[in-house]
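Engineer: Below is one structure. I have some questions about it.
The values are calculated or read from the model by the stated rules, or taken from the named source; none is laboratory data. All of these numbers come straight from a predicted model, not from anything done at the bench. As a convention, Cβ positions derive from the backbone with ideal geometry for all residues, glycine included, and neighbour counts pool all protein chains shown. Each accessible area value is taken on the protein alone, full model and side chains, heavy atoms only, with ligands, DNA and RNA left out. Shrake-Rupley method; radii C 1.70, N 1.55, O 1.52, S 1.80 Å.
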Amino acid sequence: MSSPPSQDGRVVPFRPEGVGVNGEKPASVYFYGTCLVDTFLPEAGLAAVELIEAEGVRVIFPQGQTCCGQPPFNSGYRREARQAARAQLALFAEPIPVVVPSGSCGAMLKVHYPELFKGEPEEEAVRALAARVVEWSDFMARVLGARLKDRGDPVRVTYHPSCHMVREMGVREAPKALLGQLEGVTLLPLPDEGECCGFGGTFAVKQAPLSRAMVGDKSRAVEESGAEVLVSGDAGCLLNIEGTLTRNGSSVQCLPLPLFIKRRVSGDSA
Amino acid sequence: MIPDAGRFLRESGSALNDGNLRRNLHKAMTTIRGRRNERFSELVDAPALQKINNSIKRRALADLPALLEQLEAKLTARGVVVHWAETTTEANAIVLDIARRRGVKLVVKGKSMVSEEMGLNRFLADEGIEALEADLGEFIVQLADQTPSHIVVPAVHMSKGEIARLFKDTLGEKFGEGYSEDYTEDVAALTALARRVLREKFQAAGMGVSGVNFAVAETGTLALVENEGNGRMVTTVPPVHVALMGLEKVVPRLEDVAPLVRLLTRSATGQPITTYFNWLSSPRRPGELDGPEEVHLIVLDNGRSSIYSDEELRETLDCIRCGACLNICPVYSRIGGHAYGSVYMGPIGKILTPQMAGLSEGGHLAGASTLCGACQEVCPVSIPIPNLLLRLRQEGGQPTARGRALLRGAGSTRKMGEAMIWKGWSALAERPAVYRLATRLLGMLGATSLGRAGLGAFGPGRTWNLTREMPRPASRTLHDLMRTRPQSHQDQHTSE
């Protein structure tokens, strides 16, 4: 897999090119909600959809979508992963962007599907789909050039950049750029922000002691940041960190990026 | 349950609970990461260099058989004896043979991970030959009767105090009363003490053993980087020098070494260049005042040619053993190297061990990763470690035909229970109506406190729930919210 270096010096997989250049707004997009958002954070999915629509873009949510197949793929069960993936392929037939509110599931579609379908009859179609996949914050900031108007009270926020968002999707600046537009938001640095939170899908239970140690350190870093709210673009990381903070009696609130932004621009709490 | 998988879980668990180890590692890893980042930030375009290094190694490996032959021819012409060892047993036998022929009683050794693969010290000891580590870190680890916990800084798991105590307790007993000194934590004094031991041994040794960082095919030159001068001593002072190298270390041209070294030392120790850089090309020639009388190179396979024969897995052999992936790894930096139970640890160990020792022995290591990708990001030769981990997980759980042919223990990490879970998962994923029903049911369960308690009481939920609140399944899924919301931006074709 070719991985040209990005401008800020990290090695990333290729950038979403087929998705329209800056300022070129597509009339409509597909939204791939992901099974984690669907099940645990549907409000975040809805917020993501509504924020896209607020930019004048029509959002298509195929009801046939389920799971991208990443869990079996990461566990080494590629046949089952392909089976899950095949069920998603036909849902995104039109040549328009597929927006995903997750770096991890986004990377599954964009980076790993082409690998998963190498030599399969769908290979070509999968490559075409992968080229259209774009992570939500990247789509908002870079493709749509969204301008956000903050209506919330002043708040201290820190941001957890998820590993797959950064290292597989190459989305580093977009979430911070969006947060930076919110006038009432003070974005505080998260110590050791580049370190994994310890979720890793099945890793969280298969290697429970390691996962616990990692998320323990991450939670402490969140507390040390002095933020009232932790924002992240990936549901897995967020549930992992939130679950730990809550169990430890922390008062830090954990919110998915789109939901946090949606509440700020509509003047809801947080 | 594979016994070794259980072992890793136990060992990593107890490493995590070892406060002393955690402190030592945290301190060392923070320092070494900082140095590496500083050196990298000085480079005009580090990622471009990483790419260049990757292509140097890719090109070298593409031509590996021819390059090895060229290397052998060049070295032989200059009087270096080249030996080929398919297994570590063969490699050990070659070393022993040379030692016997020359009547060697004492071997001094520079740092070499290949010698760790061979278990050379123990092997020689069993044959009545003493092998003494001359790299300070390895010297410490040997004194403590341990194995290296890091491929570059072998005693990284120990604190200054622990090393001071070790010296006080063992040096006099092992090397004579002259080396029994008062307890001190002064690093300079401890180093001086070790140096005093080693100086004497360098002069007494009948054989010096070293590793090899790069072997240049066109010139027949062995390159060795080091910081303590021990590498120079073991390769020049004893009458016989035996260099050990894995067969992947050869590069075509002299000029290939420069970019590789530029990132090797920066990645390993955060140095622009090491204190010593040794170029070795022949035994002492007539008229020369120093150097060994005999030089041997042992080229070890030990599973490498099998790795080599798979295009994707071959990238494992790009590794130049800098240890940067260990230092950045959220797993390694919390448990150190011993918990892995293998010669190579950390991310590189997770891809090497399952291939060298077989998936039944080391397959579980490929699973012990969050796939965070930090290792690939810092790798000076851009090895796609996460992708290789994924490939090895596949070969462990649902092997390909190639995997079956190449990897010992292919399919051995497959567990019936897990296989069933993924079958069920994919069956659900390809039936949207059933999926929607299932997620809705989960939501109903999440809406009641009894249901939530149930989710956190069994299996994976229970493990999660031990230290984390269970996430609460929403009573209405995104599918529901999108289907029923008033604005009708919804997709018209909701067919499945």
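Engineer: Mind checking which residues of the range A:153-184 are more than 14 Å from chain B (Cβ to nearest Cβ), of a type outside the set (D, E, K, R), touching a helix residue (DSSP H, G or I) at 6+ places or on another chain (Cβ under 8 Å) and open to solvent by 20 Å² or more (accessible area, probe 1.4 Å)?
Structural biologist: To start, the set of residues in the range A:153-184 that are more than 14 Å from chain B (Cβ to nearest Cβ) comprises A:153-159, A:173-184.
Now narrow it down to the ones that are of a type outside the set (D, E, K, R): A:154-155, A:157-159, A:174-175, A:177-182, A:184.
With touching a helix residue (DSSP H, G or I) at 6+ places or on another chain (Cβ under 8 Å) added as a condition, the list becomes A:157-159, A:174-175, A:177-179, A:182, A:184.
Matches in the range A:153-184: A:ALA177 only.
Engineer: Check B:SER382 against each of (1) surrounded by fewer than 24 Cβ atoms within 10 Å (Cβ to Cβ); (2) on the phi > 0 side of the Ramachandran plot and name the one condition it does not meet.
Structural biologist: All conditions pass for B:SER382, except number (1).
Engineer: Output the strands (runs of 3 or more DSSP E) that fall wholly within the range A:1-112 and possess 3 or more residues being at pLDDT 95 or above, in contact with a Lys or Arg (Cβ under 9 Å, 6 or more places away or on another chain) and farther than 20 Å from B:ARG431 by Cβ, or say none.
Structural biologist: On the way: elements: A:28-31, A:58-60, A:98-100.
Correct list: A:28-31.
Engineer: Go through (1) open to solvent by 20 Å² or more (accessible area, probe 1.4 Å); (2) free of Cβ contacts under 8 Å to residues at least 40 places away in the same chain; (3) within 11 Å of another protein chain (Cβ to nearest Cβ) and name the single condition B:ALA433 misses.
Structural biologist: So the condition that B:ALA433 fails would be (2).
Engineer: Taking the range A:202-235 as the region of interest, how many residues are under 16 Å from B:THR467 (Cα atoms) and either at the interface with chain B (Cβ under 7 Å from one of its Cβ atoms) or small (Gly, Ala, Ser) (or both)?
Structural biologist: Residues flagged as under 16 Å from B:THR467 (Cα atoms) and either at the interface with chain B (Cβ under 7 Å from one of its Cβ atoms) or small (Gly, Ala, Ser) (or both) within the range A:202-235 amount to 14.
Engineer: Restricting to the range B:97-121, give me the number of residues that are open to solvent by 30 Å² or more (accessible area, probe 1.4 Å), in a helix (DSSP H, G or I) and closer than 15 Å to B:LEU244 by Cβ.
Structural biologist: 3
Engineer: Would you check if there is a residue in the range B:338-345 being in contact with a helix residue (DSSP H, G or I) (Cβ under 6 Å, 6 or more places away or on another chain), within 11 Å of another protein chain (Cβ to nearest Cβ), buried (at least 24 other Cβ atoms within 10 Å of the Cβ) and in contact (Cβ under 8 Å) with a residue 60 or more places away in the chain?
Structural biologist: Among the residues of the range B:338-345, at least one is in contact with a helix residue (DSSP H, G or I) (Cβ under 6 Å, 6 or more places away or on another chain), within 11 Å of another protein chain (Cβ to nearest Cβ), buried (at least 24 other Cβ atoms within 10 Å of the Cβ) and in contact (Cβ under 8 Å) with a residue 60 or more places away in the chain, which makes the answer yes.
Engineer: Is it fair to say B:SER360 is of a type in the set (Gly, Ala, Ser), within 11 Å of another protein chain (Cβ to nearest Cβ) and farther than 21 Å from B:GLY137 by Cα? Don't jump to the end; show me each part of the working.
Structural biologist: Working: of a type in the set (Gly, Ala, Ser): yes; within 11 Å of another protein chain (Cβ to nearest Cβ): no; farther than 21 Å from B:GLY137 by Cα: yes.
Considered against the rule, which asks whether it is of a type in the set (Gly, Ala, Ser), within 11 Å of another protein chain (Cβ to nearest Cβ) and farther than 21 Å from B:GLY137 by Cα, B:SER360 comes out as no.
Here's the yes/no breakdown for (1) in contact with a helix residue (DSSP H, G or I) (Cβ under 8 Å, 6 or more places away or on another chain); (2) closer than 28 Å to B:THR274 by Cβ:
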| residue | (1), (2) |
| --- | --- |
| B:ASN92 | yes, no |
| B:ARG100 | no, no |
| B:VAL108 | yes, yes |
| B:ASN121 | yes, yes |
| B:ALA125 | no, no |
| B:GLY128 | no, no |
| B:GLU133 | yes, yes |
| B:SER180 | yes, no |
| B:MET207 | yes, yes |
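Engineer: I need the full set of residues from the range A:176-194 which are without any contact (Cβ under 8 Å) to a residue 24 or more places away in the chain and among the charged types (D, E, K, R), in order please.
Structural biologist: Result: A:LYS176, single match.
Engineer: Considering only residues that are in a loop (DSSP other than H, G, I, E, B), touching a Ser or Thr at 6+ places or on another chain (Cβ under 9 Å) and of a type in the set (Asp, Glu), which ones fall in the range B:202-231? Write out each step before concluding.
Structural biologist: Our first condition is that a residue be in a loop (DSSP other than H, G, I, E, B); within the range B:202-231, this holds for B:205-206, B:211-213, B:217-220, B:227-229.
This time we only want the ones that are touching a Ser or Thr at 6+ places or on another chain (Cβ under 9 Å), so: B:211-212, B:219-220, B:227-229.
Answer for the range B:202-231, where residues must be in a loop (DSSP other than H, G, I, E, B), touching a Ser or Thr at 6+ places or on another chain (Cβ under 9 Å) and of a type in the set (Asp, Glu): just B:GLU228.
Engineer: For the range B:183-240, give me the residue count where each residue is surrounded by fewer than 23 Cβ atoms within 10 Å (Cβ to Cβ), among the polar types (S, T, N, Q) and within 15 Å of B:VAL108 (Cα to Cα).
Structural biologist: 2
Engineer: Still on this structure, please answer the following. Taking the residues in the range B:28-65 that are exposed (fewer than 12 other Cβ atoms within 10 Å of the Cβ) and part of a loop (DSSP other than H, G, I, E, B) as candidates, determine which candidate is farthest from the other protein chains (Cβ to nearest Cβ).
Structural biologist: B:VAL44
Quick grid of which residues meet (1) assigned to a helix (DSSP H, G or I); (2) modelled with pLDDT of 95 or more:
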| position | (1), (2) |
| --- | --- |
| B:GLU255 | yes, yes |
| B:PRO259 | yes, yes |
| B:LEU263 | yes, yes |
| B:PHE277 | no, yes |
| B:PRO286 | no, no |
| B:LEU297 | no, yes |
| B:GLU315 | yes, yes |
| B:CYS322 | no, yes |
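Engineer: Restricting attention to the range A:161-175, which residues are of a type outside the set (A, V, I, L, M) and either more than 10 Å from A:CYS196 (Cβ to Cβ) or part of a helix (DSSP H, G or I) (or both)?
Structural biologist: The answer is A:PRO161, A:CYS163, A:HIS164, A:ARG167, A:GLU168, A:GLY170, A:ARG172, A:GLU173, A:PRO175.
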